[in-house]
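Below is one structure, written out as structure tokens; comments come after it.
The values are calculated or read from the model by the stated rules, or taken from the named source; none is laboratory data. Since this is a predicted model, take the numbers as computed values, not measurements. As a convention, Cβ positions derive from the backbone with ideal geometry for all residues, glycine included, and neighbour counts pool all protein chains shown. Ligands, DNA and RNA are stripped out before the accessible areas are found, and what is left, the full protein with its side chains, is counted by its heavy atoms. Shrake-Rupley method; radii C 1.70, N 1.55, O 1.52, S 1.80 Å.
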Amino acid sequence: MSATTVLVTTRSFSSGTFAATAALQEAGLEVITGPSDHDLAQLRPLLAEAVAWIAGTGPVTAEHLDAAPKLRLVARYGVGVEAVDLEAAAQRDVAVTNTPGANSSAVADHALALILAALRRITSGDRGVRAGDWRVQRSHELGNLSVGLVGLGRIGRGVVQRLSGFGCEVLGHDPGLDEDELRSIGVQSVTLTELAARSDVVSLHAPGEQTLIDTDWLAGAKRGLVLVNTARAQLVDEAAVARALAEERLSAYATDTLSTEPGIGEAEASPLLAEGLRDLTVFTPHIGAQTVEAVNEMSRGAVAAVLALVSGGALPNLVSPESREA
């Protein structure tokens, strides 16, 4: 394949210590950048020339692919491919790859950080001290609690490893894994309903876009539950969670993703951002994967896929419509 144009639409590409852009340019490739929300109007002239697209979390739709007649590769910068229309890509002979495992440790670290921040009221305590309010907000020790994990892939298992040092009971729900496999990593397998009823803390690591945390699930949840989401905004009915917080059925919600996040597309502000819920919520701006190490590995994985494409080699970590991975 002759020299090509590579479109990059992820903000952190080549921002670590690995010079990813330079690696592509040294191979004779032109690197151009586009908006991370994948706005089609802005991307259309860029897609017209791109043979490879290093894509972030924004949507990759059939309309995007139709605007890219030369495109042969979507190299997903990260693991989840729910935002990519895999069927449309296959129909247009566009390969899709991802970078499994590149950010697992980073997100597992961040999940634990959010669990502790929510449990120990770190952010509200910080705001109080800055305002001269030193009132104590008493909480619980993690080692005395039951922690439920929804999804036991690479990230979920990383959280299990980190929790082992605290000595807490760990419950898990993952339809793709059997009871013996979960037991082997120190997790008690339970149904999603049982997990809600027994857990003091629940952390979400599930793939897909199906809403798991809804009004019915919350109705059966243990009172005072702390809920943490470092996976996907679509897993949570935000209005239902906001009601549960306001009614003091949930004690806290900590998340790295919201429905109003750029690239997800909700027009109205999330009900979770209501001022009355300020001290019951912890938000971070989708930074779970934003460590130097994770950025390096995601950049290396995406570069490897592009270089394999232009050299005619085997593409690493191919994703097909039948092999979606969390």
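For I115, the test of being within 21 Å of G288 (Cα to Cα) and either of a type outside the set (V, I, T) or modelled with pLDDT of 95 or more (or both) is passed. Report yes if some residue within the range 145-155 is open to solvent by 50 Å² or more (accessible area, probe 1.4 Å) and either hydrophobic (A, V, I, L, M, F, W, C) or farther than 18 Å from T57 by Cβ (or both); otherwise report no. Looking through the range 145-155, none of the residues is open to solvent by 50 Å² or more (accessible area, probe 1.4 Å) and either hydrophobic (A, V, I, L, M, F, W, C) or farther than 18 Å from T57 by Cβ (or both).
Taking the condition within 15 Å of the chain's Cα centre (by Cα) and open to solvent by 40 Å² or more (accessible area, probe 1.4 Å), does D109 pass? So D109 fits the description; yes.
Considering the range 243-258, the residues that are at negative phi and assigned to a loop (DSSP other than H, G, I, E, B) include one that is most open to solvent (accessible area, probe 1.4 Å), namely E247. In the range 123-152, the residues that are farther than 16 Å from C168 by Cα reach residues that are open to solvent by 40 Å² or more (accessible area, probe 1.4 Å) and among the aliphatic types (A, V, I, L, M) with C-beta atoms within less than 7 angstrom, at least six apart or across chains, in these pairs: G151/A326.
Filtered by the rule that a residue be in contact with a strand residue (DSSP E or B) (Cβ under 9 Å, 6 or more places away or on another chain) and either assigned to a strand (DSSP E or B) or within 18 Å of T257 (Cα to Cα) (or both), the range 280-319 gives L280, T281, V282, F283, T284, L318.
Within the range 53-71, the set of residues being more than 23 Å from the chain's Cα centre (by Cα) and either part of a strand (DSSP E or B) or not aliphatic (A, V, I, L, M) (or both) comprises E63, D66, P69, K70.
Residues considered: V96, V107, V74. Of these, the only one that is β-branched (V, I, T) and either part of a loop (DSSP other than H, G, I, E, B) or in contact with a Gly (Cβ under 8 Å, 6 or more places away or on another chain) (or both) is V107. Checking the conditions here, which among T215, T230 is of a type in the set (V, I, T), farther than 19 Å from V147 by Cα, at pLDDT 95 or above and open to solvent by 10 Å² or more (accessible area, probe 1.4 Å)? Criteria check complete, one pass: T215.
Scanning the range 182-213 for residues that are more than 18 Å from T281 (Cβ to Cβ), in contact (Cβ under 8 Å) with a residue 24 or more places away in the chain and either of a type in the set (D, E, K, R) or part of a helix (DSSP H, G or I) (or both) returns L182, L192, T193, L195, A196, A197, R198, E209.
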